[in-house]
Amino acid sequence: MRSPLRLFGLGVVVFALATTGCSEVRGRRKIQEGNRLYRDGYYKEAVGAFEQAERFVPNFWVLWLNKGYTCRQMIIPGAKTPENMAAANCALAAFKRLQELKPDDPRGELLAFQTLFDADKYEELAKIYEERFQKNPRDVEAVTGLIQVYTKWNKLDESLEWHSKKAELQSNDPETQYSAGVYIWQQLLVHGGGQDKATYDPRLDPNKPKKKQIKIPPPFGGGDVVSQQRIDLADKGIEYLKRAVQLRPTYADAMIYTALLYRQKAYAYFDQPEEWQKCMNDAVEWHIKYLKQVGKPIPPNLKPNAAPASDNNDDNASSSSDDQPAADKATKKGKHGGGHKRKRGKR
């Protein structure tokens, strides 16, 4: 982002200093002092200089933009200290004042939202986006914002609710359907769908006596998605991904994630080997569709009713660098969403 001071140009700044009153000259000099301190990394001292400038040029929008930038640099994402919250409140107040003085400048709103995410003010963000949605139930940006807020807030049910709403609003957009399906796969993966489940085969060896075979499935932990909830979530994700393929028949990424979701669904059936096998067969079917779509050979052991490969096996597309879909395709970022990179102001 270009420096707001550079937008004026040095000649204009000098002219302003020469033709304005004494108070304004002092105020602008304090802003220049704050900018210099910012560049040198003295953020606390820079804020002090900007606060002094407020006495002289309280309506100069550059002051509030630069003060907001500086306060943001003092925020440590995730920290809950009084100093961190003070820095966040300082930045938010500055950007609010910027919006009042320069309502047509999009930076005020954008930087305020980014600051709310930095400070983990999820409740406030959710309230803002939900108010927008209530005013316009077809506001896709508001729905996307709510997805990002609840995802970062680790509220699975709420995030799923807004993913569903977005998929409904954009029912003919394959990317939106794909995003919802992949989100569900991500949640199942981290809530009880790891490597220990992927390598477990609940079937008994037909060539050995049943009484001598003891199968102990890997345990699920607290907070894991299990049983019928896992089945229902997987089915919902599969529905989204199949819709994506229906809308875009060559959508290879959606095909491989459909396979991966059938695997996640299978983990709910460790006590029902026949149902587990049905899910694994469906996973194999979609894996083969994927390989055909991308023009890759089908491994000899990739066939229905065969011993399943691990989710991280080289034969599985989810672990191959060539087959793994780009991570940033799994979720689409909105205008004010999370996962942003902090933008520093250049003075």
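A single entry from Leu92, Leu116, Leu146, Leu110 fulfils the requirement of being assigned to a helix (DSSP H, G or I), in contact (Cβ under 8 Å) with a residue 60 or more places away in the chain, of a type outside the set (D, E, K, R) and open to solvent by less than 60 Å² (accessible area, probe 1.4 Å): Leu110. Taken as a whole, the range 258-273 holds at least one residue that is of a type in the set (Ser, Thr, Tyr) and more than 21 Å from Tyr178 (Cβ to Cβ).
Per-residue answers, yes or no, for (1) of a type in the set (Phe, Trp, Tyr); (2) in contact with a Leu (Cβ under 8 Å, 6 or more places away or on another chain):
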| residue | (1), (2) |
| --- | --- |
| Ala87 | no, no |
| Phe113 | yes, yes |
| Glu124 | no, yes |
| Lys127 | no, no |
| Asn136 | no, no |
| Ala142 | no, no |
| Leu146 | no, no |
| Thr151 | no, no |
| Asn172 | no, yes |
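Within the range 215-243, the set of residues being part of a loop (DSSP other than H, G, I, E, B) and either open to solvent by less than 60 Å² (accessible area, probe 1.4 Å) or of a type outside the set (Val, Ile, Thr) (or both) comprises Lys215, Pro217, Pro218, Pro219, Phe220, Gly221, Gly222, Gly223, Asp224, Val225, Val226. Every condition in (1) of a type in the set (D, E, K, R); (2) within 26 Å of Lys155 (Cα to Cα); (3) exposed (fewer than 13 other Cβ atoms within 10 Å of the Cβ) is met by Lys212 except one, and the failing one is (2).
Being closer than 27 Å to Ser23 by Cβ, open to solvent by less than 30 Å² (accessible area, probe 1.4 Å) and in contact (Cβ under 8 Å) with a residue 12 or more places away in the chain is a condition met by no residue of the range 133-143.
If you go through the range 55-84 one residue at a time, how many are open to solvent by less than 50 Å² (accessible area, probe 1.4 Å) and not in a loop (DSSP other than H, G, I, E, B)? The qualifying residues number 14.
Of everything in the range 155-203, what is in a helix (DSSP H, G or I), among the aromatic types (Phe, Trp, Tyr) and in contact (Cβ under 8 Å) with a residue 40 or more places away in the chain? Give them in sequence order. Tyr178, Tyr183, Trp185, listed by residue number. Quick check, is Lys292 among the basic types (Lys, Arg), open to solvent by 80 Å² or more (accessible area, probe 1.4 Å) and at pLDDT below 95? No, not satisfied.
Scanning the range 34-51 for residues that are open to solvent by less than 70 Å² (accessible area, probe 1.4 Å) and without any contact (Cβ under 8 Å) to a residue 60 or more places away in the chain returns Gly34, Leu37, Gly41, Tyr43, Ala46, Val47, Gly48, Ala49, Phe50. Of Lys121, Lys152, all but one fail to be touching a residue at least 40 places away in the same chain (Cβ under 8 Å) and either in contact with a helix residue (DSSP H, G or I) (Cβ under 8 Å, 6 or more places away or on another chain) or open to solvent by less than 30 Å² (accessible area, probe 1.4 Å) (or both); the exception is Lys152.
Residue by residue, here is whether (1) within 21 Å of Glu100 (Cα to Cα); (2) in contact with a Gly (Cβ under 9 Å, 6 or more places away or on another chain); (3) modelled with pLDDT of 95 or more holds:
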{"site": "Pro4", "(1), (2), (3)": "yes, yes, no"}
{"site": "Leu7", "(1), (2), (3)": "yes, no, no"}
{"site": "Gly11", "(1), (2), (3)": "no, no, no"}
{"site": "Val25", "(1), (2), (3)": "no, no, no"}
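Within the range 270-278, is there a residue that is buried (at least 16 other Cβ atoms within 10 Å of the Cβ), modelled with pLDDT of 95 or more and not in a helix (DSSP H, G or I)? Yes, the conditions are met somewhere in the range 270-278.
The values are calculated or read from the model by the stated rules, or taken from the named source; none is laboratory data. If you're wondering where the values come from, they're calculated on a predicted model, not measured in any experiment. As a convention, Cβ positions derive from the backbone with ideal geometry for all residues, glycine included, and neighbour counts pool all protein chains shown. Calculation scope for accessible area: heavy atoms of the full protein, side chains included, ligands and nucleic acids excluded. Shrake-Rupley method; radii C 1.70, N 1.55, O 1.52, S 1.80 Å.
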